[in-house]
Ligand SMILES: NC(=O)c1ccc[n+]([C@@H]2O[C@H](COP(=O)([O-])OP(=O)(O)OC[C@H]3O[C@@H](n4cnc5c(N)ncnc54)[C@H](O)[C@@H]3O)[C@@H](O)[C@H]2O)c1
């Protein structure tokens, strides 16, 4: 069988995760080119991919000067770069595995959806949670009517206080102008999954939220610019945190092969070593979104940066029972009213929960199957036109939040955006 070939732009956390799937699916998949502006990232991945030097590019732009080098281009650069990189790759004839969000600007998202359609390119958005056994089993239970007709869903994204401070106070997504609004950056997954679970469109949203804590006014007395110099007993002390996490996440985001020496040096010079109360961050640290879906289904969603755990929890309430679960714990239950509590044995259905509960591997596998024309149910695959719906919801929620919680009607919002 012919292998599907992939080139990757952006060998950071995400690009590397997808490229590594070539080791998991060696018969089906091959990486033929990689690009990153940081040589250390290319070298780390090439220790196991073994590409010749001429297939390692020092930028996505350099890779895109070449003729087509693979069937699929993985676009895993930063949010604000997606538009340019994805457009050029499509022009060269690539189909895409495009990291979410499609772009950080709604008009760019619309442009990319239209460009894919016009050029006839297949573009799969990395809404990886749809590919996980956890959410697929919730959808199955709903589709089979196990809890009757769904009336309401309560869902929470518990970002985790350290994940929040790493990514959204100090890291790549701390400033909206350079990246995306939080509800898009972190929660376009949720804006995608929640309507998808019940197969209904979102009609209206309202949202509240703010950046309340990680601000100068909450800075404790005596805090220094950099944590290395700080004597306070602070839960967000960068050096204590990152140095205690070697070699795993998130130290391996700072350096692909973290050591005490290189992490200390990165903390001395980068934002990752700065006090969380002295950054120039502006994205919200907590936000809630209410959605009205078709058929009067209500959804209440919360994104919270102040949790111990990093997980998503959900409760689906139907006319005949409830489904509830915890993504990280791989726990999923359902109970018909007055019936027994049933546990869905997720571990019997999946042997690899690494990378977004197994979603990272599964999206790659399903894209391979889709591209080679295998006979399987593709109705939930995250094609760009489907995934764009979640972006409309996220941008509408953000508009509502900025307007103090005013209701935004999706149909009107889309019309205003020219769709
Ligand atoms: N699907 C998900 O659940 C998920 C999770 C996290 C991040 N993301 C998204 O994935 C994308 C990448 O995020 P990440 O966490 O891997 O970030 P990252 O910073 O680890 O990776 C981005 C990489 O792009 C490289 N880069 C920057 N400019 C470049 C250029 N011109 N050419 C080539 N490479 C360039 C950087 O050096 C870096 O290695 C973002 O859009 C992010 O929002 C998606």
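We did not get these values from a lab; they are worked out from the coordinates using the rules stated. All values reported here derive from a predicted model rather than from experimental measurement. Don't worry about glycine lacking a Cβ; one is built from the backbone with ideal geometry, like all the others, and counts go over all protein chains shown.
Tabulated results
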read-out	value
Cα-projected label distance for residue 315 with residue 371, points at 7 Å along beta-carbon direction, nm	4.3
Descending semi-axes in Å of the range 7-66, equivalent ellipsoid built from Cα gyration tensor	17, 12, 10
Computed [θ] at 222 nm, helices only, for the chain once each DSSP H run of length n ≥ 4 contributes -39500 (n - 2.57)	-9500 deg cm²/dmol
Residue exposure sequence - 334, 164, 370 - by fewest surrounding Cβ within 10 Å	370, 334, 164
Cβ-based exposure ranking for 30, 217, 265, 65, in which fewest neighbours within 10 Å come first	217, 65, 265, 30
Calculated P(r) of the range 230-373 - Cα pairs past 23 Å, %	62
Sites residue 249 and residue 66 - FRET efficiency at Förster radius 25 Å, r taken between beta-carbons, to 0.05	0.15
Extent along principal axes [Cα atoms of the range 4-125; Å; largest to smallest]	39, 28, 25
Using a Förster distance of 25 Å, the FRET efficiency for residue 221-residue 265 (Cβ separation, nearest 0.05)	0.30
Burial ordering of 142, 253, 102, fewest other beta-carbon atoms within 10 Å first	253, 142, 102
Percent of C-alpha pairs per 5 Å bin, the range 86-214, short to long	2, 8, 15, 18, 18, 16, 13, 8, 3, 0
Residue 118 paired with residue 27, simple spin-label distance in nm, labels 7 Å along Cα-to-beta-carbon	4.2
For the chain, alpha-carbon Rg and Dmax in angstrom	21.6, 65
Rg/Rg_globular for the range 148-273, with Rg_globular taken as 2.2 N^0.38 Å and Rg from C-alpha atoms	1.33
DSSP-defined antiparallel bridges as percent of all bridges, the chain, nearest 5	60
All-pairs Cα distance distribution in the range 219-273, expressed in whole percent, bin size 5 Å	4, 22, 33, 21, 12, 6, 1, 0
Kirkwood hydrodynamic radius of the range 172-213, from inverse mean 1/r over distinct Cα pairs, in Å	12.1
For the chain, built as a Gaussian network whose Cα springs stay under 10 Å, the top-fluctuating residue of 89, 223, 76	223
